[in-house]
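Below is one structure; the comments refer to it alone.
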Amino acid sequence: MTEALRPIPHPIPEARRADLVALLNERLAATADLQMQVKQAHWNVTGIHFQTLHELFDAVADAVHPYVDEIAERVTALGGVAKGTVRMAAAASSLPEYPLDAVGGEAHLTAVRDRLATYAADNLRAIDAADDLDDDATQDLFTEIQREIDKLQYFVASHLL
């Protein structure tokens, strides 16, 4: 689906910008969803390691949060409309729904780890897509996000080893 763009002067041709805006909005949805799914774990974790995991999940959600804004601002910089409401994100996210039956620490760690892995795989595809669209700035943004997600994935998965 082609995204309608505001008429702005930009060195990237409009057709490519429309494709980039669509790609960025896909990542915006998944990023916002990821942040809130990790908050779901933060709010609901129980068990002997509650405090450690409660703080870990909060730190992960806090680390993801700035990228919601960065992606949305890249959309608007390209002349697009950022589709960032909770309902828009839920409808467009590539992440599976968070399991409501996750209660103990291991269940939440597994759920968060799996969502980070899905997000990372999708983000790697977005890096390649931005490269194919010849947009170094968007590719760089996705690469920066990937470095952070890889680190967060390690922090979460380390509790399951």
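In table form, for the structure just shown:
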read-out	value
Any chance Asp101 is at pLDDT 95 or above, more than 20 Å from Leu141 (Cβ to Cβ), acidic (Asp, Glu) and not in a helix (DSSP H, G or I)	yes
Condition check for Arg87: assigned to a helix (DSSP H, G or I), crowded, with 17+ Cβ neighbours inside 10 Å and of a type in the set (D, E, K, R)	no
Within segment 127-143, tally of residues that are touching a residue at least 24 places away in the same chain (Cβ under 8 Å) and in a helix (DSSP H, G or I)	6
Candidates Val81, Val45, filtered to the one that is crowded, with 18+ Cβ neighbours inside 10 Å, modelled with pLDDT of 95 or more and not charged (D, E, K, R)	Val45
Test: residue in segment 42-54 that is in a helix (DSSP H, G or I), of a type outside the set (S, T, N, Q), in contact (Cβ under 8 Å) with a residue 12 or more places away in the chain and within 26 Å of Ala126 (Cα to Cα)	no
Residue that is within 15 Å of Ala22 (Cα to Cα) and modelled with pLDDT of 95 or more, where the choices are Ala130, Ala117	Ala130
Qualifying residue in segment 77-84 (condition: under 17 Å from Ala29 (Cα atoms), within 16 Å of the chain's Cα centre (by Cα), part of a helix (DSSP H, G or I) and touching a residue at least 12 places away in the same chain (Cβ under 8 Å))	no
Any hit, segment 30-38, residues being more than 14 Å from Leu116 (Cα to Cα) and either loosely packed, with under 14 Cβ neighbours inside 10 Å or aliphatic (A, V, I, L, M) (or both)	no
Segment 99-148 - residue that is more than 25 Å from Gly80 (Cβ to Cβ), hydrophobic (A, V, I, L, M, F, W, C) and surrounded by fewer than 16 Cβ atoms within 10 Å (Cβ to Cβ) and, of those, nearest to the chain's Cα centre (by Cα)	Ala117
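The values are calculated or read from the model by the stated rules, or taken from the named source; none is laboratory data. Computed from a predicted structure; not experimentally measured. Ideal geometry is used to build each Cβ from the backbone, glycine not excepted, and the neighbour counts take in all protein chains shown.
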